[in-house]
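Step one of this worksheet: look at the structure below.
What follows draws every value from the coordinates through simple rules; no lab data is involved. Values in this document were obtained by computation on a predicted structure and should not be read as measured data. All Cβ positions, even for glycine, are placed from backbone atoms using ideal geometry, and neighbour counts span all protein chains on display.
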Amino acid sequence: MRALSKGIFAALFALCAALPASATDWPTGPVTMLIGYKAGGGTDTKGRVLAKILTRELGQQVNVINRAGGGQAVALEGFKNEEPNGDMFFFGAVSGITLNPQINSALQFRADDYVYAGGLTEFQVTMVAPADAPFDDMAGFVAYAKEKGKIKYASLSPGAKIVMQAIARQSGLEVDYIPTKGGRGMVQLVLSGQVDFAYSGGIHARYPGKFKTIAAVSTKRLGNYPDTETLIEAGYEGVAIDAPTVVAFPKGIDPAIVAKMEAALKVASTDPDMMKISKSINMPIVYQTAAEASQLVEESAAAITIMLDTIGYKAS
Amino acid sequence: MESFLPVLESAFAPGNLAWILFGVTLGYLVGALPGLGKGTATAVAIPLTFYLSPLAAIAFLVGIAKGSTAGSAVSAILLNTPGEPSSTPTAMAGYPLARAGKAQKALKMGLFASVIGDLFSTIVLILVAQELAEYALGIGPVELTGILAFSMVFIAGLSGRSMIKGLIAGLFGILVSCIGLEVETGSPRLTFGMIEVYDGLPLIPVAIGMLALSEMMIQIGQRQRLQDEADLLQGSGIREDRIVTLGDWRRSARAILRGCLIGTGVGILPGLGASVGSFLSYGAERKASGRGADFEETGAIEGVAAAESADNAVVPASFVPLFAIGIPGSVIAAILIGAFTIQGITPGPLLFLENRDLILGVYISMIAASLFLLLIGYFGQNVFARIVRVSPALVMPIVVFLCCLGAYLQGGGAFGIGVMVVFGIIGFFAKKYDFSFVTFLIGFVIGPSFELSLRQTLGLVTDVSELLDHPVALAFGALAVFGVWRLTVLQRRQHEAMVRDQP
Amino acid sequence: MPKSDLIAGIVLLVFGLAMLAVVIPTQTSEGGDATISPALLPQICSVGITGLAVLLTLQATGRLRRGVAAGVAVPAAEWWAMLAVVLAVGAAIALFVWVSPAVAAVLLIVGPMLYMGERRIWLVVGIPAALIVGAWFLFYRVLGTAIG
């Protein structure tokens, strides 16, 4: 009897061990990392370092493929329809997943079309001003803007404009939106003294002594700016865009594959190459488990919905 | 000074030199292949640099950038298939020379002009990067609007025989550039529901289709005649047609000097780009020579010199804002940021303080790359010049394949190839029916920058009197207006002459 | 007598009017708070194209009436070559998406070769093989970038 129960127990144990084992065969062939930006950009650079580490950790070649356009929308729209077999995964900022479908009704994908295997780093999304600006926080900025009558704001993306519109609506500010393309266009406008205020994906940290960080746009305080208040803390409810970089699979993926990727990301988060690159692009490593990443995506999408309601945004 | 020796040692270390040489060779080869150009070459090579030391990696990429910029003259002159918009003027003035049996002369002049432009611009970068960068920052959106307006009007003068058709092509180019998300509101414009075009139609596939694929369609249709002329393309057999003579130098010296200045100036200003540099330089030489459309009919060695010197001068000059303030002046400079970043280096004001040795090493490597370019180009040309001896039935399918590869890499996959085909067809019609593809491309390339800087200007300048604070912008604006007036006068004269000729 | 300018003028006229009447109103938004409406630049271009097309048409009509050529004639061989290239690349895209990049590349290279009369078998096999293996090696082995 005892032997029997022992045998059953052993068999059950073997079965339990065998179940995930069948899936951990993944990957059996080359895996493709999908990046929503052009080769040579910030996300691409980090992605390629990650691909190198994953190649080592997963034991199969990880190739990078770039499908740029529409702030990652082009890549994500196609990725939704990929087979959920682990042959392809997406690497990029969460903001592309949460913000895009809410401001563009033509897009089919939604944040819950994907399964998140974890987060790795975090864009330091902030509101910034020139270093010589006569204010240091949001309250100071609002007072300054009211005194000046109308301020000039560098708007580098639809998201950047929405954030400022929400602030302006709530504080009753008048703003001239100066459109610009990408972070470097914004830096140029600020350095040459053309604008009073701007939105930065974190790029301003590369120009020490030229910028002041006024507020964090994320839902929680940022790794590089622990002393800087978030917009939510400053009283702007729901005004937040989170942009941690995550790894995502299409819905329907085998949980064992997600678990294996999650473990590989954990290793990548302490890899010296990854630490070196994170330092040089001023993007701290913020490792998140699959569960943490999924929760963040959900919260972040909800915050954006509130923000869009505040300004009465109509998706185009 | 004492720290200078180790820098020299590391820059001239055999490993580093080998990487520069490899970069220049690879770049020249890729640039010389039709349908592939400097953007593709540099972007594709980035992953290679993972395995190198920072200096070797950056020197390698700089070598690729320089090599491919000069190499693109080869396919432009020999096959009339420029790999990038910026080598279009080289093809316009150089291909007729090749057809007249002077391919080797044109190739050599192209190379010499490239190296001179490159060296000149590199030296400017080394000596005055800091000072120039401060100045470039003063060129804001308002000034840029003026400069871009002036450039568009000036380049419209290259529109070929019919001004009406040239203007139609230019407007069509701007119209096509409107496709995508509009930059101020972010609302889709002329996208027909296709999200692939949200960032606009990809430049390289449009350019390859318009320039190279359409040319292949035409050449495949005329293959019998080309086969018959193949003997002439190999060279006339006269020594003067193979070398650059003293007379050629005399004719081209002014063009090269002007090209160096224009290319360097355009490179330093972020937001203009190599195409503006080579077209402006070419247009200025065409105007100065007083030969007009004859330039493209019989070919012009000074036209090749003007275009190539400016095209190459843009590359090092576009590193001025990159090194000094961290803002790239060109696509290549933007790609280099990625390479710096991978190596843990931040381009920008701190570069000279924190990584002074590295920058010095990069400077030395850049000069070495210029010299390698001369060597590789000079001997490489002999190999490439043999292409014309190969049967068109073998060359053209390979060119078509390479065009597809280039469009694939820079245009988001199969979609990019589709875009290339569409613009191949449009280019075929444009070339056959004399709708200037030059004005089309300029409209397409400059259109978005112009619209953006105009929108910025309208946001920044709230009162007309504020314009007085922007004398540079006013000067270029006035030049643009003057240019429009001149063009109208010229057009009327042309028309009167035509009426006289046709009783 | 070639009258391509006349045809081009009329086609462009129709194109410009279609842009103004149908495409721009349906494919651009008014943009509300923008300093310039997103539709403005497309409108300016379309108005310009329409106006110039009218001029081109008038000019061509005038010439044809005087018995002067208005445009050029394109030989049939060049039309066929254009069509052949478009078909080859079009078919290659289809194969690329639905079958495999390698098959597409073979068609793309071999098709035009055969069209242009190349019959030497070692070249028809050798060139595509060399190009495809070269591209595969460069992208997958050296660069770690996927195609497809």
Restricting to Cα atoms and excluding each atom paired with itself, what does the Kirkwood estimate give for chain A in Å?
20.8 Å
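Could I get the Rg over Rh figure for the protein assembly as shown? Both from C-alpha atoms, Rh via Kirkwood, rounded to two places. Let's see the in-between values first.
Values: Rg = 28.6 Å, Rh = 29.3 Å.
Dividing the radius of gyration by the Kirkwood radius yields 0.97.
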Mean projection area, nm², convex hull over Cα of segment A:126-216:
5.0 nm²
With a cut-off of 19 Å, note down the residues of segment B:197-215 whose backbone N falls inside the zone around a label point 7 Å from the Cα of B:PHE429 toward its beta carbon.
B:201, B:206-215
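Which net charge results for the neighbourhood of A:ASP113, defined as the other residues with beta-carbon distances under 14 angstrom from its beta-carbon, given Lys and Arg at +1 and Asp and Glu at -1? Provide the component values of the computation, followed by the final result.
Values: positive: A:LYS80, A:ARG110, A:LYS251; negative: A:GLU77, A:GLU82, A:GLU83, A:ASP112, A:GLU298.
Residues close to A:ASP113 contribute a combined charge of -2.
Taking a 26 Å limit on the Cα-Cα distance, which of the listed pairs A:LYS161/A:LYS279; A:LYS52/A:LYS266; B:LYS102/B:LYS287 fall beyond it?
Check vs 26 Å cut-off fails for A:LYS161/A:LYS279.
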If B:LYS105, A:LYS152, A:LYS266 are placed from fewest to most neighbouring beta carbons inside 10 Å, the sequence is A:LYS266, A:LYS152, B:LYS105
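Rounded, prolate or oblate: which fits segment B:135-200 when a ≥ b ≥ c are the square roots of the eigenvalues of the alpha-carbon gyration tensor, with rounded for a/c under 1.5 and prolate only if a/b beats b/c? Numbers along the way, then the final one.
Details: a/c = 3.50, a/b = 1.14, b/c = 3.06.
It is oblate, given that a/c is not under 1.5 and a/b is not larger than b/c.
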I need the peptides B:61-72, B:118-129, A:293-304 ranked by packing, meaning the mean over residues of other C-beta atoms within 10 angstrom, with the highest value on top.
B:61-72, B:118-129, A:293-304
How big is chain B along each principal axis, measuring the range of its Cα positions in Å and listing the largest first?
79, 64, 49
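Viscosity 0.890 mPa s, temperature 25 °C: give me the Stokes-Einstein translational D for segment C:76-143 in µm²/s, with Rh taken as the Kirkwood radius over C-alpha pairs. Intermediate results must be reported in sequence, preceding the final value.
Working: Rh = 12.9 Å.
This corresponds to a translational diffusion coefficient of 190 µm²/s.
List B:GLU354, A:GLU83, A:GLU292, C:GLU118 from most exposed to least, where exposure is judged by having the fewest other Cβ atoms within 10 Å.
The fewest-first ordering by Cβ neighbours comes to A:GLU83, B:GLU354, A:GLU292, C:GLU118.
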Of B:TRP19, C:TRP136, C:TRP122, how do they rank once you tally other Cβ atoms within 10 Å and put the fewest first?
C:TRP122, C:TRP136, B:TRP19
Simple spin-label estimate for B:ARG493 and B:MET194 in nanometres, 7 Å along Cα-Cβ:
4.3 nm
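Can you give the average number of partner chain beta-carbon atoms within 10 Å of each beta-carbon in peptide A:185-194, as a whole number? Don't jump to the answer; show the numbers that get you there.
Values: counts 7, 0, 4, 11, 4, 0, 5, 7, 3, 6.
Mean shielding by partner chains, rounded to a whole number: 5.
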Principal axis dimensions, segment A:43-154 - Cα atoms, whole angstrom, descending:
59, 34, 21
How much length would be gained if the chain were fully extended between C:TYR140 and C:ALA76, taking 0.36 nm per residue of separation minus their Cα-Cα distance, in nm to one decimal?
18.8 nm
Under the rule of at least 5 residues apart or a separate chain, name every residue whose amide H is placed under 5 Å from the amide H of A:LYS212.
A:ALA129, A:ALA131
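Express the Stokes-Einstein translational diffusion coefficient of segment B:150-241 in µm² s⁻¹, to the nearest whole number, given a Kirkwood radius over alpha-carbon pairs, 10 °C and a viscosity of 1.306 mPa s.
94 µm²/s
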Taking square-rooted eigenvalues a ≥ b ≥ c of the alpha carbon gyration tensor, is segment C:4-66 rounded, prolate or oblate, where a/c under 1.5 means rounded and, failing that, a/b exceeding b/c means prolate?
prolate
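Averaged over its residues, how many other protein chain Cβ atoms are within 10 Å of peptide B:413-423's Cβ atoms?
Working: counts 10, 8, 6, 0, 7, 3, 0, 2, 8, 1, 0.
Mean shielding by partner chains, rounded to a whole number: 4.
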In nm, the gap between the two label points placed 7 Å beyond Cα toward Cβ at B:ALA288 and B:LEU468 is 3.6 nm
In nm, the gap between the two label points placed 7 Å beyond Cα toward Cβ at A:ALA291 and A:ASN81 is 3.6 nm
Using 1/(1 + (r/R0)^6) with R0 = 45 angstrom and r between the beta carbons of A:ASP309 and B:LEU371, what's the FRET efficiency to the nearest 0.05?
0.10
